[in-house]
1. If VAL98 satisfies all but one of (1) over 25 Å from ARG14 (Cα atoms); (2) surrounded by 14 or more Cβ atoms within 10 Å (Cβ to Cβ); (3) in contact (Cβ under 8 Å) with a residue 24 or more places away in the chain, what's the number of the condition it fails?
2. Step by step: first the residues of region 57-69, then only those that are touching a helix residue (DSSP H, G or I) at 6+ places or on another chain (Cβ under 8 Å) and at pLDDT below 85, then the one that is surrounded by the most Cβ atoms within 10 Å (Cβ to Cβ). Which residue is that?
3. Kindly provide the set of residues from region 8-28 that are among the basic types (Lys, Arg) and touching a residue at least 12 places away in the same chain (Cβ under 8 Å), ordered by number.
4. Do we find that VAL53 is more than 15 Å from the chain's Cα centre (by Cα) and β-branched (Val, Ile, Thr) in this structure?
5. Where in region 63-153 are there strands (runs of 3 or more DSSP E), lying wholly inside it, with at least 1 residues that are in contact with a Leu (Cβ under 6 Å, 6 or more places away or on another chain) and of a type in the set (Phe, Trp, Tyr)?
6. Is there any pair with a first residue in region 105-124 that is farther than 20 Å from SER92 by Cβ and a second that is of a type in the set (Lys, Arg) and at pLDDT below 85 whose Cβ atoms are under 7 Å apart and which are 6 or more apart or on different chains, and what are they?
7. Among the residues of region 106-114, is there at least one that is touching a Phe, Trp or Tyr at 6+ places or on another chain (Cβ under 6 Å), β-branched (Val, Ile, Thr) and within 15 Å of VAL53 (Cβ to Cβ)?
8. So which residues in region 19-30 are out of contact with any Asp or Glu (no Cβ under 9 Å at 6 or more places or on another chain) and at pLDDT below 85, if there are any at all?
Amino acid sequence: MAEVGRKLVAQNRRARHEYEILDTIEAGIVLLGPEVKSLRQGKVSLADGYATVRRGELWLMNVHISPYEQAGRENPNPRRERKLLAHRAEISKLAGQVAERGLTLVPLSLYFQDGRAKVELGLARGKRRYDKRQAIRKREEDREIDRVLRRGRRG
């Protein structure tokens, strides 16, 4: 994800823990001026966000962009629905997958690329409790292996 001209604003780390990410898509976001200013300050939370397809359009829901303090009364609702920009073919493909297989679209990261706000959406399936435990166990085993290997190199 470290491409040229990309400035990361926020990541949804919990999404990768809660969901199994099957595919990703990049989409632009329609924002108002004060929201862009607030994003540039990093005042955004993707934690409870999700995306949905309505009437052939992609919408970002429940993402909190804090009000920009210098904007005064022009600040919009922090959790308003925001339209996402993607190709019609991508949207219809996603709509079919979400409806057919019981998947969901979750925002994974929000960033600026060449001055434009973008969101990386993940086509995700919810993990079961035992899947989460397995992931945690594997991560701890990998850490332990790394620890042992580092000790071996020192000695």
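The values are calculated or read from the model by the stated rules, or taken from the named source; none is laboratory data. Source: prediction; values computed, not measured. Because the Cβ atoms are built from the backbone with ideal geometry, glycine has one as well, and the counts that use them run over all protein chains shown.
1. Unmet condition: (1).
2. Quick first cut of region 57-69, residues touching a helix residue (DSSP H, G or I) at 6+ places or on another chain (Cβ under 8 Å) only: 57-58, 65-68.
With the extra rule that they be at pLDDT below 85, the set shrinks to 65-68.
Numbers: ILE65: 29, SER66: 16, PRO67: 17, TYR68: 21.
Per the stated criteria, the residue is ILE65.
3. From region 8-28, those among the basic types (Lys, Arg) are 13-14, 16; that's our starting set.
Once the filter is applied, which keeps residues that are among the basic types (Lys, Arg) and touching a residue at least 12 places away in the same chain (Cβ under 8 Å), region 8-28 yields ARG14, ARG16.
4. Details: more than 15 Å from the chain's Cα centre (by Cα): yes; β-branched (Val, Ile, Thr): yes.
Spelling it out, VAL53 is indeed more than 15 Å from the chain's Cα centre (by Cα) and β-branched (Val, Ile, Thr).
5. Working: elements: 82-85, 104-113, 116-126.
Per the criteria, 104-113.
6. So the pair list comes out as TYR111/ARG6; TYR111/LYS7; PHE112/LYS7; GLN113/ARG6.
7. yes
8. Filtering region 19-30 for residues out of contact with any Asp or Glu (no Cβ under 9 Å at 6 or more places or on another chain) gives 19, 21-23, 28, 30.
If the condition is that a residue be out of contact with any Asp or Glu (no Cβ under 9 Å at 6 or more places or on another chain) and at pLDDT below 85, then TYR19, ILE21, LEU22, ASP23 are the ones that fit.
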